[in-house]
Every structure is written in structure tokens, then in C-alpha cells.
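Chemist: This is the structure, below, for whatever I ask next.
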Amino acid sequence: MTTYIKANKFYYPYETKLGGYLELVDDSFGKWLSTVPEGAQVFDYSGYEIAPGLVDTHIHGFAGADVMDNKEESLATMSRELLSAGVTSFLPTGLTASFETLNKVCQTTAKFAGKETGARIQGLFFEGPYFTEKYKGAQNPSYMRNPSTSELDQWLASSKGLLKKIALAPEREGTAEFISYACKRGVVVALGHSDATYQEAVEAVEAGASVWVHAYNGMRGLNHREPGMVGAVYDIPNTYAELICDGYHVHTCACDILLHQKRPDHVVLVTDCMVAGGQPDGNYMLGEYPVTVENGTARLKSNGALAGSILQLKDGVKNIVDWGLVSKANAIMMASLIPAISVGIDDVCGQIKEGHLADFIVLDKEMNLRATYLAGKKVYECQ
């Protein structure tokens with residue numbers, strides 16, 4: 001069945017089409033047309049704008065569910081509720097933990113993937129466990145260790161290949177060999193929670209690492225004599241920097257500097273959202289740590305450190321536009337196509353493209369989410 005979406009703007013990967021109609025053929029995108037046949041079925045979103053469904057490649061939990069619950073019901077809740085955040089594809093993200101715990105997360109995710117009714121699970125991201133303690137953040141240092149290819153092999157087997165991305169600290173012993181091996185196995189390697197020097201970061205990228213975990217947070221800062229991890233984020237081309245745009249994790253000026261250094265096509269908007277996203281203020285857990293959520297932040301009870309975020313990706317997109325840092329088109333790209341490219345899933349999500357599943361969102365002129373569509377069907381509408 002062929003239907004058409006009428007709207008003011010359509011955000012394609014490399015251009016914004018003004019007016020006209022987007023063809024939907026069964027569950028997939030068709031062509032953009034200036035006119036449609038007489039008598040065609042048209043969904044009229046005049047005054048609104050159509051963007052690809054958002055892709056969150058770093059998200060630990062949402063709506064009371066946590067990936068580390070290791071329950072299919074938690075993944076089902078995240079998938080269903082993320083539609084209200086404009087997210088149609090995501091990578092459930094695990095924290096630093098024992099080999100056995102992460103292996104169970106692999107098994108549970110592999111068993112559940114394909115059953116989700118909302119946002120699509122496009123892979124797994126393990127934020128850890130191969131970090132170092134100085135910039136541990138809300139990660140448990142007792143599980144931190146040197147990277148192991150045998151552990152990676154087992155996680156890939158248990159996840160049935162769903163483990164798409166893994167993060168480590170470059171200064172860990174054996175990282176270059178591990179990174180090279182992981183890349184050969186099709187796993188994207190990210191760098192973070194690290195006190196690495198600039199040179200150690202360079203060597204990790206030369207081995208194949210290509211993503212920086214939540215830029216600025218959990219890494220050695222910039223110094224004019226030792227550029228550190230932040231200097232490496234700025235300086236090394238052809239790498240992707242995650243950025244949390246909640247107004248708490250990173251100052252707007254620092255966001256602006258990063259965008260000037262990396263350009264929008266190498267900055268990935270992420271949420272790093274934890275279990276309390278979309279929930280009221282109160283007391284929660286992030287992994288094994290008690291967390292207090294209030295005043296827009298999630299912080300460890302023990303020391304007040306930021307513990308993930310409660311950001312929704314639709315709000316990160318709106319924030320970076322409202323701050324005057326990028327255009328609407330670039331903000332949308334940074335939360336859809338660029339995240340998808342950064343983990344090699346842009347062939348299945350992240351863009352309006354003929355033949356791709358018709359996962360898209362409807363925005364008003366102020367960048368507020370009005371509706372979310374999966375495979376051409378409306379699955380969420382803002383009340």
C-alpha cells in the first residue's frame with residue numbers, strides 16, 4: 001500500500017527538502033515528490049517537519065528499566081517508552097561488571113532482540129569494563145581490568161554478534177592488540193574513562209579505535225604541555241565524539257568548541273541516560289550505586305558525582321539548536337545519521353532513504369516532538 005506524508009520540511013541526510021510529499025510504500029520510505037496522484041491517501045502534517053527517527057548509541061536505561069537488570073521485560077520497557085523520546089533505534093548499554101554478568105546481558109539481549117515492539121535494538125554497547133580508576137565516574141573500579149580477547153569472543157558468541165561497540169582506556173595493558181582484534185571482528189572501539197596521555201590516545205586510534213565516550217566527561221583534560229584525552233578528541237581526524245547536551249555534563253561553550261574542532265558530522269549526540277529517565281525525581285540505582293535524581297541531574301549519593309543523565313534524545317537535539325550552536329538539520333543529523341555511521345548501522349537506520357524502513361518523527365517548528373512512526377505506522381503521539 002502506498003501513502004504520502006505532506007509536510008513543510010523533510011530532513012534528508014545531505015539536504016532539507018522544502019514542502020512536497022514523502023512516499024511510504026508499505027513499511028518503507030519511497031521517493032520525495034512535489035505532487036501526488038489524484039485520490040492518493042495523504043497524511044497532512046502541514047506546518048510540521050519530518051526527520052528520521054533518532055538513534056541513541058549510548059543509553060543505560062529509561063522509564064524505570066535498566067539494561068543491567070538483565071531482564072527481557074526491562075529491554076521491552078525501554079524499547080516501548082523510548083518512542084516518546086523520538087528514538088526509533090538504540091544500543092542498550094551495559095556498565096563495568098564481571099565477565100559473567102556481562103555475558104548474561106549478552107545472552108538476554110540476544111534472546112530478546114527482534115521481539116521488541118518499539119525502538120529497535122540495533123546492537124549492544126559495553127561501556128567498560130576495561131577502564132582505569134582515576135576517571136571512573138559511576139563505574140565500579142573493582143571490576144576494571146585489562147582487555148581480554150577471549151572475553152570478547154565469548155560475549156560476541158553469547159550476543160549472537162549483537163555486541164557492536166565496546167569502550168576502554170588506552171593506557172590499559174594490551175589495548176593496541178585488543179583494539180586491532182576487536183575491529184577485525186567488526187566491533188567498534190570507543191575510548192573513555194581514562195587518564196591517557198595524548199600519545200596513548202593517538203596510538204589507540206592508530207590501532208583502530210574511532211569513538212570518544214561522552215567527550216570531556218571521564219577523561220584527562222586539555223593542558224598546553226600535555227593535550228591529554230580532550231586534546232586528542234579535538235585533534236585526531238576521522239573519529240566520532242559522543243556529546244551529552246543536557247546543560248549539566250558539558251558547558252555550552254565547551255560544546256561549541258568541540259563542534260568547531262570536530263564539525264557536526266563527527267559529533268554524536270547521546271544521552272547516557274539511566275533508569276530514571278522519564279521518571280520523577282527520587283532515589284534510584286545505577287548498576288550497584290545509589291543515585292539521587294533532582295534538579296535535572298542524576299548524582300551518586302556517595303560523592304555527588306554525575307551518574308549518567310536523565311536526558312531524552314529529543315531534548316538534546318532541541319537544546320543544541322536553542323543554544324544557537326548548530327542548525328536544525330545538523331542537530332537532527334547528529335542524533336540520527338552520525339550515530340548510525342559511528343557504529344556501522346546506517347544501512348538500517350538513521351536516515352530517510354528510499355527502501356529503508358519508514359522510522360521517522362514529526363517535529364513542530366520549535367523542534368518539539370509531535371509524533372513517532374515505526375515502519376510507516378504512528379506508534380506515539382504527543383498529547
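The values are calculated or read from the model by the stated rules, or taken from the named source; none is laboratory data. Quick caveat: nothing in here was measured; it's all calculated off a predicted structure. Every residue, glycine among them, receives a Cβ derived from its backbone with ideal geometry; neighbour counts consider all protein chains shown.
Chemist: Going through Leu18, Leu95, Leu91, Leu24 one at a time, which residue ends up being surrounded by fewer than 24 Cβ atoms within 10 Å (Cβ to Cβ), touching a residue at least 60 places away in the same chain (Cβ under 8 Å) and touching a Phe, Trp or Tyr at 6+ places or on another chain (Cβ under 9 Å)?
Modeler: Values: Leu18 fails: touching a residue at least 60 places away in the same chain (Cβ under 8 Å); Leu95 fails: surrounded by fewer than 24 Cβ atoms within 10 Å (Cβ to Cβ); Leu91 fails: surrounded by fewer than 24 Cβ atoms within 10 Å (Cβ to Cβ).
That would be Leu24, the only listed residue that is surrounded by fewer than 24 Cβ atoms within 10 Å (Cβ to Cβ), touching a residue at least 60 places away in the same chain (Cβ under 8 Å) and touching a Phe, Trp or Tyr at 6+ places or on another chain (Cβ under 9 Å).
Chemist: Inspect all residues belonging to the range 245-264 and state whether any of them is touching a helix residue (DSSP H, G or I) at 6+ places or on another chain (Cβ under 6 Å), in the same structural domain as Glu127 (by TED's automatic domain parsing) and among the aliphatic types (A, V, I, L, M).
Modeler: no
Chemist: Same structure, new question: Exactly one condition in (1) without any contact (Cβ under 8 Å) to a residue 24 or more places away in the chain; (2) of a type outside the set (A, V, I, L, M, F, W, C); (3) within 19 Å of Leu95 (Cα to Cα) is not met by Tyr289; state its number.
Modeler: (1)
Chemist: Filter the range 237-267 down to residues that are in a loop (DSSP other than H, G, I, E, B) and either touching a Phe, Trp or Tyr at 6+ places or on another chain (Cβ under 9 Å) or surrounded by fewer than 17 Cβ atoms within 10 Å (Cβ to Cβ) (or both), then give me how many there are. Explain how you work it out, then say what you get.
Modeler: Here is the first cut: in the range 237-267, the ones in a loop (DSSP other than H, G, I, E, B) are 237-239, 245-251, 263.
Cutting the leftovers down to either touching a Phe, Trp or Tyr at 6+ places or on another chain (Cβ under 9 Å) or surrounded by fewer than 17 Cβ atoms within 10 Å (Cβ to Cβ) (or both) gives us 237-239, 245, 247-251, 263.
Number of matching residues: 10.
Chemist: Right, another one. Would the range 185-203 turn up any residue that is touching a residue at least 40 places away in the same chain (Cβ under 8 Å), in a helix (DSSP H, G or I) and crowded, with 17+ Cβ neighbours inside 10 Å?
Modeler: The answer is no, given that none of the residues of the range 185-203 is touching a residue at least 40 places away in the same chain (Cβ under 8 Å), in a helix (DSSP H, G or I) and crowded, with 17+ Cβ neighbours inside 10 Å.
Chemist: Right, here's the next one. Condition first: in contact (Cβ under 8 Å) with a residue 24 or more places away in the chain, of a type in the set (Lys, Arg) and in the same structural domain as Ala331 (by TED's automatic domain parsing). Can you find one or more residues in the range 59-79 that meet it? Break it down stepwise before answering.
Modeler: Taking the range 59-79 first, the residues in contact (Cβ under 8 Å) with a residue 24 or more places away in the chain are 59-68, 70-72, 75-76, 78-79.
Applying the additional criterion that residues be of a type in the set (Lys, Arg) yields 71.
In the following step, the residues that additionally are in the same structural domain as Ala331 (by TED's automatic domain parsing) were identified as 71.
The answer is yes; a qualifying residue exists.
Chemist: Quick one: would you say Lys365 is within 26 Å of His251 (Cα to Cα), basic (Lys, Arg), touching a residue at least 12 places away in the same chain (Cβ under 8 Å) and buried (at least 19 other Cβ atoms within 10 Å of the Cβ)?
Modeler: Details: within 26 Å of His251 (Cα to Cα): yes; basic (Lys, Arg): yes; touching a residue at least 12 places away in the same chain (Cβ under 8 Å): yes; buried (at least 19 other Cβ atoms within 10 Å of the Cβ): no.
Here the answer is no, as Lys365 does not meet what is asked.
Chemist: Now for a separate question. Would you point out the residue of the range 350-381, among those that are in contact with a Pro (Cβ under 8 Å, 6 or more places away or on another chain) and not in a strand (DSSP E or B), that is farthest from Asn8 (Cα to Cα)? If you could, list the steps in order and put the result at the bottom.
Modeler: Just the residues of the range 350-381 that are in contact with a Pro (Cβ under 8 Å, 6 or more places away or on another chain), to begin with: 350-353, 359-361.
Narrowing further to those that are not in a strand (DSSP E or B): 350-353, 359.
Details: Gly350: 20, Gln351: 18, Ile352: 15, Lys353: 18, Asp359: 18 Å.
Only one residue tops the list, namely Gly350.
Chemist: Kindly evaluate Gly208 against the criterion of being at pLDDT below 95, in the same structural domain as Pro170 (by TED's automatic domain parsing), crowded, with 17+ Cβ neighbours inside 10 Å and in contact with a helix residue (DSSP H, G or I) (Cβ under 8 Å, 6 or more places away or on another chain). Step through it out loud before you land on a result.
Modeler: Working: at pLDDT below 95: no; in the same structural domain as Pro170 (by TED's automatic domain parsing): yes; crowded, with 17+ Cβ neighbours inside 10 Å: yes; in contact with a helix residue (DSSP H, G or I) (Cβ under 8 Å, 6 or more places away or on another chain): yes.
Against the criterion (at pLDDT below 95, in the same structural domain as Pro170 (by TED's automatic domain parsing), crowded, with 17+ Cβ neighbours inside 10 Å and in contact with a helix residue (DSSP H, G or I) (Cβ under 8 Å, 6 or more places away or on another chain)), Gly208 does not qualify.
Chemist: Let me ask another. Which members of the range 200-223 meet the condition of being among the charged types (D, E, K, R) and farther than 21 Å from Gln139 by Cα? First the steps, then the outcome.
Modeler: We begin by selecting, within the range 200-223, every residue among the charged types (D, E, K, R); these are 200, 203, 206, 220.
If the condition is that a residue be among the charged types (D, E, K, R) and farther than 21 Å from Gln139 by Cα, then Glu200, Glu203, Glu206 are the ones that fit.
Chemist: Would you be able to say whether some residue in the range 333-343 is buried (at least 24 other Cβ atoms within 10 Å of the Cβ), in the same structural domain as Glu242 (by TED's automatic domain parsing) and modelled with pLDDT under 95?
Modeler: The answer is no; no qualifying residue exists.
Chemist: Residues that are at pLDDT 95 or above, closer than 21 Å to Met219 by Cβ and of a type outside the set (A, V, I, L, M, F, W, C), at least 2 per element: which strands (runs of 3 or more DSSP E) completely within the range 87-179 meet that? Explain how you work it out, then say what you get.
Modeler: Numbers: elements: 87-95, 124-130, 163-168.
Counting at least 2 such residues, we get 87-95, 124-130.
Chemist: Tell me, which residue of the range 3-35 that is among the aromatic types (Phe, Trp, Tyr) and farther than 19 Å from Ala331 by Cα is nearest to the chain's Cα centre (by Cα)?
Modeler: Step one: of the range 3-35, the residues among the aromatic types (Phe, Trp, Tyr) are 4, 10-12, 14, 21, 29, 32.
When the remaining residues are screened for being farther than 19 Å from Ala331 by Cα, the result is 4, 21, 29, 32.
Values: Tyr4: 29, Tyr21: 29, Phe29: 23, Trp32: 28 Å.
Once the filter is applied, the top-ranked residue is Phe29.
Chemist: Working only within the range 101-144, note down all residues that are of a type in the set (D, E, K, R), under 23 Å from Ser302 (Cα atoms) and in contact (Cβ under 8 Å) with a residue 12 or more places away in the chain. Write out each step before concluding.
Modeler: Taking the range 101-144 as the starting set, the residues that turn out to be of a type in the set (D, E, K, R) are 104, 111, 115-116, 120, 127, 133-134, 136.
Subset that is under 23 Å from Ser302 (Cα atoms): 127, 133-134, 136.
Once the filter is applied, which keeps residues that are of a type in the set (D, E, K, R), under 23 Å from Ser302 (Cα atoms) and in contact (Cβ under 8 Å) with a residue 12 or more places away in the chain, the range 101-144 yields Glu127, Lys134, Lys136.
Chemist: Follow-up question, since we're still on this one. Run Val233 past the list (1) part of a loop (DSSP other than H, G, I, E, B); (2) in contact with a helix residue (DSSP H, G or I) (Cβ under 9 Å, 6 or more places away or on another chain); (3) in contact (Cβ under 8 Å) with a residue 12 or more places away in the chain and report the number of the one that doesn't hold.
Modeler: (1)
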